[in-house]
């Protein structure tokens with residue numbers, strides 16, 4: 001079976017047997033991630049002890065120093081270890097690039113304020129900025145489809161459906177990323193309901209594995225904590241992830257036919273990390289510009305009726 005040059009090089013460097021590596025690519029093809037996983041598995045095995053001279057005494061085992069008094073020792077949980085391993089592998093796999101834009105959420109805020117009471121009474125939960133960003137990103141993907149893609153060996157798989165992963169904080173004990181399948185078929189209200197339902201069930205521990213699989217693009221939301229800008233790590237094998245950060249009132253220049261004016265507007269940052277193998281900075285920047293245009297100019301109240 002044909003293998004990419006990168007895969008062949010990694011197999012040779014680590015002295016691996018290709019027949020012992022399970023391929024997860026198309027048709028059972030071995031990918032770079034498969035080789036790295038095999039290397040990691042081999043490294044976890046106990047290495048044989050190096051031969052020592054009978055006359056030379058073995059060095060005494062050195063115990064690590066005890067932590068300072070008052071230090072709390074917290075063993076890493078399984079989910080913390082899994083997140084760490086996944087993030088390290090992602091950084092080693094993808095050449096990460098970060099780009100960010102400031103966005104005026106005035107149109108979004110106007111729609112939220114106008115519909116807030118009716119929405120909460122009807123739906124039973126509050127309307128945040130996140131569904132608006134999700135809807136704008138989904139629509140922008142239709143014009144910039146390579147953002148909604150994944151890497152398979154030496155191939156870029158550009159997906160037709162937008163399966164939107166939304167990172168959910170598990171009360172500071174880890175993250176879970178449920179996936180809204182075929183999100184391009186949903187309007188704003190349906191996206192808001194799906195995000196709220198998944199977040200509620202994720203924190204209750206009732207998400208099933210199928211609902212965590214198949215994502216093609218991911219949103220990371222630190223906005224409720226008031227962050228300025230976040231550089232998210234790509235969720236492999238996807239090629240991009242968008243972070244939504246805190247929205248604050250700021251003085252901005254508002255252009256109009258009558259001239260420029262200073263106004264107080266709710267402004268936040270959208271930051272995208274992308275895999276430079278999939279596309280370049282100009283493509284990512286054009287995508288972010290389109291997301292910003294949709295957020296700032298759409299008549300959002302029409303989608304909340």
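Since every read-out is calculated from the coordinates, none of them should be taken as a lab result. The shown structure was predicted, so the numbers you read here are calculated from the model rather than taken from an experiment. Positions of Cβ are generated from backbone atoms using ideal geometry, with glycine treated the same way; all protein chains shown enter the neighbour counts.
Relative to the first principal axis of the alpha-carbon coordinates of the chain, what is the inclination of helix 281-297, with its axis defined by its Cα atoms, in degrees from 0 to 90 and to the nearest 10? For 281-297 against the chain, the angle is about 30 degrees. Going by alpha carbons, how many degrees (0 to 90, nearest 10) lie between the helix axis of 130-141 and the longest principal axis of the chain? Rounded to the nearest ten degrees, it is 80.
Beta-bridge orientation, the chain: approximately 80 percent antiparallel, per DSSP, counting only bridges with both partners inside. Each principal axis of segment 89-164 carries a Cα extent, and these read 51, 27, 26 Å when sorted largest first. As a proxy for reagent exposure, 121, 187 were ordered by neighbouring Cβ count within 10 angstrom, fewest first; the result is 121, 187. Can you tell me how the chain classifies by the Cα gyration tensor, rounded, prolate or oblate, using a/c under 1.5 as the rounded cut? Prolate, because a/c is 1.5 or more and a/b exceeds b/c. Each peptide in 95-102, 31-38 was scored by the mean count of other Cβ atoms within 10 Å over its residues; highest first, the order is 31-38, 95-102. Measuring how big segment 193-286 is from its alpha-carbon positions, Rg and Dmax come out at 17.6, 55 Å. Helix 188-204 and the longest principal axis of the Cα set of the chain meet at an angle near 40°. Residue 142 to residue 170: FRET efficiency via 1/(1 + (r/R0)^6), r the Cβ-Cβ distance, R0 30 Å, to the nearest 0.05? According to the calculation, E is roughly 0.40.
Shown is the FRET efficiency for residue 200 and residue 81, computed with R0 = 22 Å from the Cβ-Cβ distance and rounded to the nearest 0.05: 0.30. Only Cα pairs under 8 Å and 6+ residues apart enter the sum, and on that basis the relative contact order of segment 95-304 stands at 32 percent. Look at 218, 200 and count the other Cβ atoms within 10 Å of each Cβ; fewest to most, that gives 200, 218.
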